[in-house]
Amino acid sequence: MALYPLLRPLAFALDAETAHRATIGALKLIPPRRLPAFPDSLAVEVAGLRFPSPVGLAAGFDKDAEVPDAMLGLGFGFVEVGTVTPLPQAGNPQPRLFRLTDDQAVINRMGFNNAGQAAALERLWRRERRGIVGVNIGANKDSSDRIADYVAGVRAMAPVADYLTVNISSPNTPGLRGLQDEGALGELLSAVREARVAGGPPIFLKVAPDLAEGDASRIVRAAIDSQVDALIVANTTLSRPELRSRFAGEAGGLSGAPLKPLAMEAMHAFRVASGGAIPLIAAGGIASADDAWERIRAGASLVQLYSALVYEGPGLARRIADGLAKRLQASGMSNISEAVGSGAD
Ligand SMILES: Cc1cc2nc3c(=O)[nH]c(=O)nc-3n(C[C@H](O)[C@H](O)[C@H](O)COP(=O)(O)O)c2cc1C
């Protein structure tokens with residue numbers, strides 16, 4: 001049932017943010033249903049969690065945790081909601097979200113618009129706990145103590161999260177990426193470690209793809225020292241590879257197809273730096289089973305996507321999962337974990 005090719009022109013007639021709001025509105029109308037089943041070969045364990053499929057929804061699509069169950073129902077093996085900040089905030093002035101159709105890309109400078117942790121917490125409390133739903137946490141733009149915001153996020157959201165992602169890599173909150181710098185990162189991660197409680201959810205750290213020489217090893221070392229459970233590689237890029245669309249000059253983070261080479265390079269750098277000592281989760285320009293397979297072979301235990309959904313429609317997660325299962329079979333492997341890093345060396 002390929003409905004999306006018919007619906008896409010309607011969605012594309014709207015500006016990108018209106019189309020997104022309409023999509024969330026439509027997803028909210030989907031009645032609860034059973035979670036889809038996946039072949040056992042796709043199940044993978046990361047940080048003590050069993051992911052039924054390695055294909056997840058990246059943060060930013062469902063910032064306020066409005067539709068995690070609908071997205072699981074569409075065939076994602078896990079869903080990451082957020083970024084949520086301690087206090088609600090409006091984000092940057094509109095327009096702030098742009099479809100670069102000729103480039104199969106997106107530029108956004110949303111700026112962590114969200115209804116705040118309390119609103120997300122309430123929604124997540126109300127849902128039946130099933131499937132894997134991670135919560136991505138950030139800091140308020142005007143916060144006087146950003147590290148305290150992450151600590152507040154860990155404390156508030158842990159009871160409703162299967163994992164927590166510490167997001168210090170959004171390019172749209174001025175200065176946020178500075179938390180990736182040497183001293184700041186150590187300070188942040190030890191505060192986060194202190195805030196964890198025994199038996200609480202694992203903590204992932206999401207990094208930027210815009211790396212300088214040595215960044216990957218330094219971040220891996222800090223993450224392992226502070227018992228971070230996995231790294232998400234990566235967020236959107238501030239760089240601008242050659243683009244054709246009229247929105248190419250817009251400020252913000254670039255995602256989708258043009259991010260793929262950079263995200264792949266970052267995956268290589270983190271695999272080399274970690275040698276498999278910490279699980280890696282890939283994001284950036286993943287739009288097909290081939291892309292997912294390549295990232296897994298480069299060292300990713302899981303993959304996430306967002307931008308390709310805009311172009312390929314909601315059936316994409318399921319198609320990628322099916323394609324991965326076929327590739328596993330063709331290569332004589334019985335489980336996806338055998339493929340992780342198999343093309344890395
Ligand atoms: C509109 C938009 C909003 C996003 N918001 C967030 C966010 O709030 N937090 C976050 O960690 N990443 C956010 N991201 C980044 C994605 O989670 C992902 O890391 C990035 O887009 C690369 O994947 P993709 O090429 O599949 O989109 C956002 C991306 C887009 C396109």
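The values are calculated or read from the model by the stated rules, or taken from the named source; none is laboratory data. Note that the structure is a prediction, hence the values are computed from the model and not measured. All Cβ positions, even for glycine, are placed from backbone atoms using ideal geometry, and neighbour counts span all protein chains on display. Note: areas computed on protein heavy atoms with side chains; ligands, DNA, RNA excluded. Shrake-Rupley method; radii C 1.70, N 1.55, O 1.52, S 1.80 Å.
Scan segment 251-280 and report the pairs whose first residue is among the aromatic types (F, W, Y) and whose second residue is open to solvent by less than 40 Å² (accessible area, probe 1.4 Å) and part of a helix (DSSP H, G or I), with Cβ atoms within less than 7 Å and a gap of 6+ or a chain change.
Matching pairs, first to second residue: F270/A216; F270/V220.
Going by the conditions given, is L27 in a loop (DSSP other than H, G, I, E, B), among the hydrophobic types (A, V, I, L, M, F, W, C) and either farther than 17 Å from L124 by Cα or away from the ligand (no atom under 12 Å from the Cβ) (or both)?
No: the conditions fail for L27.
Kindly check whether there is at least one residue in segment 178-198 that is modelled with pLDDT of 95 or more and closer than 27 Å to S307 by Cα.
No, segment 178-198 contains no residue that is modelled with pLDDT of 95 or more and closer than 27 Å to S307 by Cα.
Among the residues of segment 301-341, which ones are part of a loop (DSSP other than H, G, I, E, B) and of a type in the set (S, T, N, Q)?
Answer for segment 301-341, where residues must be part of a loop (DSSP other than H, G, I, E, B) and of a type in the set (S, T, N, Q): S331, S334, N335.
For segment 229-278, how many residues are touching a Phe, Trp or Tyr at 6+ places or on another chain (Cβ under 7 Å) and open to solvent by less than 20 Å² (accessible area, probe 1.4 Å)?
Total satisfying the criteria: 5.
Among the candidates R177, R196, which residue alone is open to solvent by 10 Å² or more (accessible area, probe 1.4 Å) and touching a helix residue (DSSP H, G or I) at 6+ places or on another chain (Cβ under 8 Å)?
R196
Kindly evaluate L316 against the criterion of being modelled with pLDDT of 95 or more and open to solvent by 10 Å² or more (accessible area, probe 1.4 Å).
Considered against the rule, which asks whether it is modelled with pLDDT of 95 or more and open to solvent by 10 Å² or more (accessible area, probe 1.4 Å), L316 comes out as no.
I need the full set of residues from segment 1-52 which are open to solvent by 90 Å² or more (accessible area, probe 1.4 Å) and among the aliphatic types (A, V, I, L, M), in order please.
Hits for segment 1-52 are M1, L6, L10, L29.
Being under 27 Å from V55 (Cβ atoms) and either in contact with a Leu (Cβ under 6 Å, 6 or more places away or on another chain) or not in a strand (DSSP E or B) (or both) is the filter here, so list the residues in segment 151-168 that pass it.
G153, V154, M157, A158, P159, V160, A161, D162, V166, I168
Look through P95, P32 and report the one residue that is at pLDDT 95 or above, over 25 Å from A230 (Cβ atoms) and assigned to a loop (DSSP other than H, G, I, E, B).
When all the criteria are applied, what remains is P95.
Pairs under 6 Å by beta carbon, first residue within 12 Å of F61 (Cα to Cα) in segment 104-117, partner within 8 Å of the ligand (Cβ to nearest atom) and at pLDDT 95 or above, six or more apart or different chains?
N108/L97; N108/G253; F112/T83; F112/G138; N114/K63
I need the full set of residues from segment 156-174 which are modelled with pLDDT under 95, buried (at least 17 other Cβ atoms within 10 Å of the Cβ) and more than 18 Å from A230 (Cα to Cα), in order please.
P171, N172, T173
So, in segment 319-345, exactly how many residues are surrounded by fewer than 18 Cβ atoms within 10 Å (Cβ to Cβ) and within 18 Å of A58 (Cβ to Cβ)?
Selection size over segment 319-345: 1.
More than 30 Å from A277 (Cα to Cα), more than 16 Å from the ligand (Cβ to nearest atom) and small (G, A, S): which single residue out of A43, A13 fits that description?
Among A43, A13, only A13 is more than 30 Å from A277 (Cα to Cα), more than 16 Å from the ligand (Cβ to nearest atom) and small (G, A, S).
Condition first: among the β-branched types (V, I, T) and in a loop (DSSP other than H, G, I, E, B). Can you find one or more residues in segment 3-19 that meet it?
no
Of the numbered conditions (1) among the basic types (K, R); (2) under 20 Å from the mean Cα position of the chain (by Cα); (3) part of a helix (DSSP H, G or I); (4) farther than 22 Å from L238 by Cβ, R130 fails exactly one; give the number of that condition.
(3)
Name the residues in segment 63-90 that are open to solvent by less than 10 Å² (accessible area, probe 1.4 Å), part of a loop (DSSP other than H, G, I, E, B) and more than 14 Å from P314 (Cα to Cα), would you?
Those that are open to solvent by less than 10 Å² (accessible area, probe 1.4 Å), part of a loop (DSSP other than H, G, I, E, B) and more than 14 Å from P314 (Cα to Cα): A65, T85.
Residue pairs, Cβ under 8 Å, 6 or more apart or interchain, first in segment 4-28 and of a type in the set (S, T, N, Q), second in a helix (DSSP H, G or I). List them.
Pairs that qualify, where the first residue is of a type in the set (S, T, N, Q) and the partner is in a helix (DSSP H, G or I), are T23/A11.
Which pairs have Cβ atoms under 6 Å, sit 6 or more apart or on different chains, and link a residue in segment 132-152 that is within 16 Å of A47 (Cβ to Cβ) to one that is in a helix (DSSP H, G or I) and modelled with pLDDT under 95?
Partner pairs satisfying both residue conditions: none exist.
Among the residues of segment 101-155, which ones are open to solvent by 10 Å² or more (accessible area, probe 1.4 Å) and hydroxyl-bearing (S, T, Y)?
Within segment 101-155, T101, S143, S144 meet the criteria.
Can you find, within segment 244-279, the residue that is farthest from the ligand (Cβ to nearest atom) among those that are of a type in the set (G, A, S) and under 18 Å from the mean Cα position of the chain (by Cα)?
Going through the qualifying residues, I end up with A266.
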